[in-house]
Amino acid sequence: MVTAIFVSWSTNHWVQTRVFDPVDTPVSLEPGQIHSGEFEINLRESYGIFVHLDDSLDDYYEDGRCSYRNLGKYHWKVFRITRGPGTERQLWAHSNDTDDGFWGNQFQGVPGKYEVEWEVPPGAACLNARHPRLRVSTSSDEYLEFAALAQYPCLFLGGIGAMLALRCLWSWLTAFAPKQHLRMFPELVLRNVIARRRYHATPPVKDLANFGVVWGSILYILMFIFAILRSATPHGLLVDLKPTRSVAAQPSPWSDTTSVYIEPLQFYVNGKPIERSELRGKLAEVLRKQMVWSVYLEAHPDCNFGDAVYAMDTIRGLGAEVVWITPKIREALSGGDGGGRP
């Protein structure tokens, strides 16, 4: 509660001490200069300079009546006053630095003391009847919204503090209330026949003594789940092993096919021996002449497995499909003849 009250009071006090309207003084619109006098700014904001007039229907007519248009373009200067060994008036901003328009008469202020000089245009004296006031101000909407938002956490903290205080008061009041215990035979005097044994209180679950039991159980459950749902290793070469009927059921519709046969230290492309380093170039040359990019791959049982993997990787790298003829498929295709180079 103390925190909520302090934060709420300090926020409101800070907003109330900000200077949003440093100048709001009545002036006379007789031709000449108007001095606002020294004023102080404690915000880094854009401050607007304008003359406030009472409302009048003349502002809605453009037939030469005396209206706010008689003020014309504002001509003003803003001086920043520096206190020290000698007072200095530094030209901070003037009307030539700003654009024409509704938001043109503004200057960027920083904390310090200032003074405004405003030139009254000719023909503005007729507006004296509308109680002119020279004003220098900035918008306070964002600061007021910030102060309003700060009240929500203060209200939350204050509510929690009030509930805790009421709970403490209720506990204090009930501690002195007499407690009546129900007894079947209130006239009998209670005596302890069996010695009472006192046991140590069971420690709560949150204590460190049971930390391993509680969190160890959670860890074991997670280990069991991941042991069942663990995925296969992502490393290796993807191989599509099709059944025997897939080769016989989907024969190539083209008379020219591409085959690669691997023997120990020797590669064959369509029955022609080539070097291992020439495999990629030869396959690219052959596949460029075909419509279906399917390569039948077969390897001798005594060849190096790394050569077979290299051939598969080369075929897949060229964008072709690998049809692997295993020894069993070769035996089925050749009618029992066990292998040999095609």
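Readers should treat all values here as calculations from the given coordinates under stated rules, not as data from a laboratory. None of these values were measured; they are calculated from a predicted model. Glycine also receives a Cβ, built like all others from the backbone with ideal geometry; neighbour counts cover every protein chain displayed.
Here are the numbers:
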read-out: Alpha carbon Rg of the stretch 244-333, scaled by the compact-globule rule 2.2 N^0.38 Å; value: 1.03
read-out: Candidate aspartates and glutamates - alpha carbon under 14 Å from residue 77, same-chain residues fewer than 8 apart omitted; value: 38, 97, 115, 117, 119
read-out: Gain on full stretching of the segment that runs from residue 35 to residue 313 - 0.36 nm per residue minus C-alpha separation; value: 91.3 nm
read-out: Extension reserve of the residue 82-residue 215 stretch, reckoned as 0.36 nm per residue once the Cα distance is removed; value: 41.2 nm
read-out: Convex hull volume of the stretch 1-83 per residue (C-alpha atoms, cubic angstrom); value: 172
read-out: Fully extended contour minus Cα-Cα distance, from residue 46 to residue 200, at 0.36 nm per residue; value: 48.3 nm
read-out: Ranked by how many other beta carbons lie within 10 Å on average, peptides 184-190, 315-321 from highest; value: 315-321, 184-190
read-out: Order of 164, 53 under a 10 Å beta carbon neighbour criterion, fewest first; value: 164, 53
read-out: Cut-off 20 Å, label 7 Å out along Cα→Cβ of residue 3, residues of the stretch 158-186 by amide N; value: 158-169
read-out: Of every Cα-Cα pair in the stretch 275-322, the percent that sits beyond 15 Å; value: 42
read-out: Bins of 10 Å, starting at 0 and running to the largest distance - Cα pair percent for the stretch 19-139; value: 13, 43, 32, 10, 2, 0
read-out: For peptides 139-150, 71-82, sequence by mean Cβ density within 10 Å, most packed first; value: 71-82, 139-150
read-out: Local electrostatic count at residue 128 - Lys and Arg +1, Asp and Glu -1, tallied over other residues with Cβ under 13 Å; value: 0
read-out: Label-point separation in nm, residue 60 to residue 169, each point 7 Å along Cα→Cβ; value: 5.9
